[in-house]
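The values are calculated or read from the model by the stated rules, or taken from the named source; none is laboratory data. Keep in mind that what you see is a predicted model, and the values were worked out from it rather than measured. Glycine gets a Cβ as well: all are built from the backbone with ideal geometry, and neighbour counts include every protein chain shown.
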Amino acid sequence: MHTELFPFKDAYWIARGNSKFLSYTGPALKTNLDPKAVRQFLRQKKAWGAIWNYDHDYTKDGLWYRCICDIKGYDESCLSSKNVRHNLHRSLKRCTVHRIEYSFLAENGYDVYIKASSRYSNFKLEPKEQFSQQMFTYCNIEGAEAFGVFVDEKLVAYMTVFICGDSVRGDTAAFDPDYSNAYPMYALYFRVAQYYVNERGYREFDRGTRPLVHETNIDDFLLRLGYRKAYCRMGLYLALPIRIALRTIRILRKLLKCILPSRYYSVLEGLLEAQDITRSTTAA
């Protein structure tokens with residue numbers, strides 16, 4: 001492989017779904033990963049597939065991107081919309097944003113997680129024990145940090161992040177819709193970007209790549225907050241049985257849409273789209 005770092009450290013990979021699918025969250029990759037090395041790594045982890053990004057900012061337009069804030073001196077002057085600035089002012093007036101411990105999130109974050117996730121029709125909810133266990137696991141991961149948004153000392157939103165070299169990656173974020181009129185996500189994404197880019201001097205805060213499965217308009221929201229799209233290539237590896245199954249599913253996708261629960265069908269559509277994006281963005 002041609003990367004300048006060893007990408008297969010356990011800390012660089014996060015399990016998604018039922019832990020059979022891994023997502024790379026480590027330092028930025030300049031070139032693609034070696035499929036043989038990925039296959040060997042997945043066998044060790046007893047996983048079925050993996051997804052990663054590489055060659056960041058390689059083009060000005062494309063199918064796949066990260067949504068980032070890399071503006072030095074990021075502040076309200078970066079917001080072009082008067083309405084967005086108004087909403088931000090309201091959010092900052094009502095909300096307090098600060099770092100929290102993962103142990104606190106394990107004990108107090110599940111209610112926010114449930115209320116936030118219930119808005120999505122195709123989202124698989126984790127039981128409280130699993131949510132708490134995952135948060136406690138993050139306590140022992142180097143570079144894992146978290147933020148909470150509070151209204152009158154009540155946790156109404158949170159974000160989990162991972163520091164990877166000179167970049168900070170946002171992992172998950174959720175807010176309680178009962179507090180929508182406080183606009184907690186404005187304060188959260190604004191303050192987190194300021195904290196890492198302005199105060200701690202990281203190159204960028206990376207919200208993450210565009211969603212493949214869950215319905216959300218988060219990236220449109222962040223673009224209004226001064227973030228930008230940084231186009232990259234997608235890397236994807238799936239075990240042979242999964243690839244064979246997807247060939248059949250691609251042929252029968254119209255039929256499956258009629259007979260499968262929407263949540264399962266959306267996952268299949270996400271995998272098919274990931275295959276298409278990978279083929280379209282792979283370097284020649």
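Observations
- The stretch 136-160, residues that are modelled with pLDDT of 95 or more and among the aliphatic types (A, V, I, L, M): A146, V149, V151, L155, V156, A157, M159
- All conditions in (1) in contact with a strand residue (DSSP E or B) (Cβ under 9 Å, 6 or more places away or on another chain); (2) surrounded by fewer than 20 Cβ atoms within 10 Å (Cβ to Cβ); (3) at pLDDT 95 or above; (4) farther than 19 Å from P7 by Cβ hold for D75, with the sole exception of (1).
- Residue in the stretch 239-250 that is of a type in the set (S, T, Y) and either over 22 Å from the mean Cα position of the chain (by Cα) or part of a loop (DSSP other than H, G, I, E, B) (or both) present: yes
- Residue that is farthest from K93 (Cα to Cα), among those in the stretch 117-135 that are of a type in the set (D, E, K, R) and assigned to a helix (DSSP H, G or I): E129
- For the stretch 32-60, the tally of residues that are farther than 19 Å from K229 by Cα and in a loop (DSSP other than H, G, I, E, B) stands at 6.
- Taken over the stretch 2-21, the criterion of being more than 22 Å from V161 (Cβ to Cβ) and modelled with pLDDT under 80 is satisfied by H2, T3, E4, N18.
- Note on the stretch 178-216: residues that are modelled with pLDDT of 95 or more, surrounded by fewer than 19 Cβ atoms within 10 Å (Cβ to Cβ) and in contact with a helix residue (DSSP H, G or I) (Cβ under 6 Å, 6 or more places away or on another chain) amount to 0.
- Residues of the stretch 90-101 classified as exposed (fewer than 14 other Cβ atoms within 10 Å of the Cβ) and in a helix (DSSP H, G or I), total: 1
- Output for the stretch 30-71, where each listed residue is within 29 Å of E199 (Cβ to Cβ) and without any contact (Cβ under 8 Å) to a residue 40 or more places away in the chain: K30
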